[in-house]
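Rule-based calculations on the coordinates, nothing more; no lab input. Treat the numbers as computed from the prediction; the structure is a model and nothing was measured. Quick reminder, even Gly has a Cβ in these numbers, built from the backbone with ideal geometry, and neighbours come from all protein chains shown.
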Amino acid sequence: MKKVSSVLALAVMTLFFASSTAKSEININIGIKVPPVIAVKAPPAVVVIPGTYIYFAPDVDDDAFFYRGYWWRTHKGRWYRAAELGDPWIAIGIGKVPRVLLKLPPDYRKVPPGHEKIPYGQLKKHWQVWEKERKWERANDIKEEERGKGKGKGKGR
């Protein structure tokens, strides 16, 4: 009998609490802070970062890198990618970011003497050929060779 009355009391309490008008509300906000678009009046000229095939625009205030057909940048600890510098940025997981971008030299903004700015149109048109033909390694070899011969010699090649 005690067992039945205990079960009955439990059932009554359950009904009482279930029929109460208490409201529960759960709000979950998930915000991904996508970096703002980099506003440029015209596509910027770029400079190759020595020892890499990564290009950056020294005249743009925000750090943005061109590598293998895409623009890359970090914002608040995350990596983002865009097809064009003025396009919206898409978040990229750290495992999908090319390793060479993760290992940028800390002084990459110091452009060595003799490194010319490359017009953006030329970059978009030729970056694949330059990488395939290892253009920047050859250019560095030629500069080293010219330095060894002394100033003024070897020019006009």
When both residues are 6+ apart or on different chains and their Cβ atoms are under 6 Å apart, which pairs have a first residue that lies in segment 78-103 and is under 28 Å from residue 121 (Cβ atoms), and a second that is of a type outside the set (A, V, I, L, M, F, W, C) and not in a strand (DSSP E or B)? 80/35; 89/35; 100/52
Might you let me know whether segment 131-142 holds any residue that is out of contact with any Cys (no Cβ under 7 Å at 6 or more places or on another chain), among the polar types (S, T, N, Q) and surrounded by 13 or more Cβ atoms within 10 Å (Cβ to Cβ)? yes
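Filter segment 48-72 for residues that are among the small types (Gly, Ala, Ser) and in contact with a helix residue (DSSP H, G or I) (Cβ under 9 Å, 6 or more places away or on another chain); which is nearest to residue 123 (Cα to Cα)?
In the first step, residues of segment 48-72 are kept if they are among the small types (Gly, Ala, Ser); the result is 51, 57, 64, 69.
Then keep just the ones that are in contact with a helix residue (DSSP H, G or I) (Cβ under 9 Å, 6 or more places away or on another chain); that gives 51, 57, 69.
Numbers: 51: 17, 57: 11, 69: 9 Å.
The residue in question is 69.
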Looking across segment 95-117 at residues that are in a loop (DSSP other than H, G, I, E, B) and β-branched (Val, Ile, Thr), the single one that is surrounded by the fewest Cβ atoms within 10 Å (Cβ to Cβ) is 111
